[in-house]
Amino acid sequence: MDQTVHSLEALLTRYSDIEKLSEVQRVRFTDAVRTGEDPLSIVKYFDTVGIKVQAPADLFALNDDPNEEEVNAFWVPEGVAVSINSDDLWLIFEIDGADTVPGGVRA
C-alpha cells in the first residue's frame, strides 16, 4: 500500500478536475464504519466484495486488485480520499487522530 500523503487538490488535478473540489463529499470514518453508511456507499460496496472495513487501511484493499478499476483510495491530510472512476466522484473519509495517517500529517 502506498503511504504517500497527497493533497486533494493534487489528486483532482491529476485524476479529475480541480473545479470538482467543492463537490467532494466528506464523512467521518468512524461514523461510516459504525453505521455502514456513507454518501457514495463505499463501505457497503467493500462488504459486497468480501472486505469488512474496520480500519482506514482497509479502504486500500482494492487498489492493487487487477480486476478492480472503479475504486481507488489515497491518503490525504484529512484521512482517506476514495474515488469512483466511472462517475468521477470523490469522498473523503475524515480520520480523527494523527497516528492513523502516514507520517502523522494533518490538515
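Bear in mind that the values in this text are calculations on the coordinates, not laboratory data. This one's a predicted model, so the numbers in the text were calculated from it and none came from an experiment. Every residue, glycine among them, receives a Cβ derived from its backbone with ideal geometry; neighbour counts consider all protein chains shown.
Numbers at a glance
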item: Most fluctuating residue given options 80, 49, 33, as computed from a GNM of the chain linking Cα atoms under 10 Å; result: 49
item: Residue-averaged 222 nm ellipticity for the chain, from DSSP H runs of 4+ at -39500 (n - 2.57), nearest 500; result: -5500 deg cm²/dmol
item: Calculated SAXS-style log₁₀ I(q)/I(0) at q = 0.12, 0.16, 0.19, 0.24 Å⁻¹ - the chain, Debye, Cα scatterers; result: -0.35, -0.66, -0.96, -1.56
item: Percent antiparallel among DSSP beta bridges (both partners in the chain, rounded to 5); result: 70 percent
item: Options 16, 51, 30, ranked by Cα towards positive dipole end of the chain, top entry (Cβ charges); result: 30
item: Residue-wise HN-Hα coupling along the stretch 5-14, computed from phi with Karplus coefficients 6.51, -1.76, 1.60 (Hz; x: Gly, Pro); result: 9, 9, 7, 4, 4, 5, 5, 5, 4, 7
item: Dipole magnitude (debye, nearest 20) for the stretch 8-97, charges at Cβ of Lys, Arg, Asp, Glu; result: 260 debye
